[in-house]
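The values are calculated or read from the model by the stated rules, or taken from the named source; none is laboratory data. Computed from a prediction, not measured in an experiment: that's the story for all the values here. Backbone-built Cβ (ideal geometry, glycine too); neighbour counts: all protein chains shown.
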């Protein structure tokens, strides 16, 4: 996925997952979210195109911990400012943000501020943390697979997931974990594509998801 794809990918995201919390944060936030994902270290942002137009998107990560740290460090303040602006313009959204995520997001921003101070000491240049080595027990993740309604059922999701699996295998990962909403899980798509269901789980904010796994070892 390239930066010019962010607007179209965000629009597909809005159409497919309109009830998701980050979608309700508004189109500007969602576009920045995709740009931040593309800029992160260890992230995976894929786009499927038909006749040059983006018709599907996949977000995931080869190194989840590094990806989220990088995304927060580089774009956390921008994302936070957009979410705050949305909260002020839409009090209902702001109340939900405060009640379900306020403490967790505040801690994340505080960690980011501490990291920036510790990695940019005033007496010298920036200290770049080492990239952790990959190993065969490493696990990557897929957090979103989205396909334009007009192209669903035409192999777009299959192609996106196949590419994600190939990238994960080449990176030396052993498994990929995928999470999706209960509504999307009921379609049976992921079982048909060889993913193994692992049951339901709840996020720190109380949202329910279905979890799947896929063995990607040996894909080099």
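Annotations for the structure displayed:
- When residue 61 is tested against (1) in contact with a helix residue (DSSP H, G or I) (Cβ under 7 Å, 6 or more places away or on another chain); (2) closer than 30 Å to residue 162 by Cα; (3) surrounded by fewer than 17 Cβ atoms within 10 Å (Cβ to Cβ); (4) modelled with pLDDT of 55 or more, just one condition goes unmet, and that condition is (3).
- Scanning segment 144-158 for residues that are in contact with a strand residue (DSSP E or B) (Cβ under 6 Å, 6 or more places away or on another chain) and either on the phi > 0 side of the Ramachandran plot or surrounded by fewer than 18 Cβ atoms within 10 Å (Cβ to Cβ) (or both) yields a single hit, 151.
- Qualifying residue in segment 88-107 (condition: modelled with pLDDT of 80 or more, surrounded by 15 or more Cβ atoms within 10 Å (Cβ to Cβ) and outside any helix (DSSP H, G or I)): yes
Residue-by-condition table, conditions (1) surrounded by fewer than 19 Cβ atoms within 10 Å (Cβ to Cβ); (2) in contact with a strand residue (DSSP E or B) (Cβ under 6 Å, 6 or more places away or on another chain):
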residue	(1), (2)
161	no, no
168	no, yes
174	yes, no
194	yes, no
198	yes, yes
210	no, yes
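- Scanning segment 1-30 for residues being closer than 13 Å to residue 79 by Cα and crowded, with 19+ Cβ neighbours inside 10 Å gives a total of 4.
- Enumeration of residues in segment 66-84 that are surrounded by fewer than 19 Cβ atoms within 10 Å (Cβ to Cβ) and without any contact (Cβ under 8 Å) to a residue 40 or more places away in the chain: 68, 74, 77, 80, 81, 84
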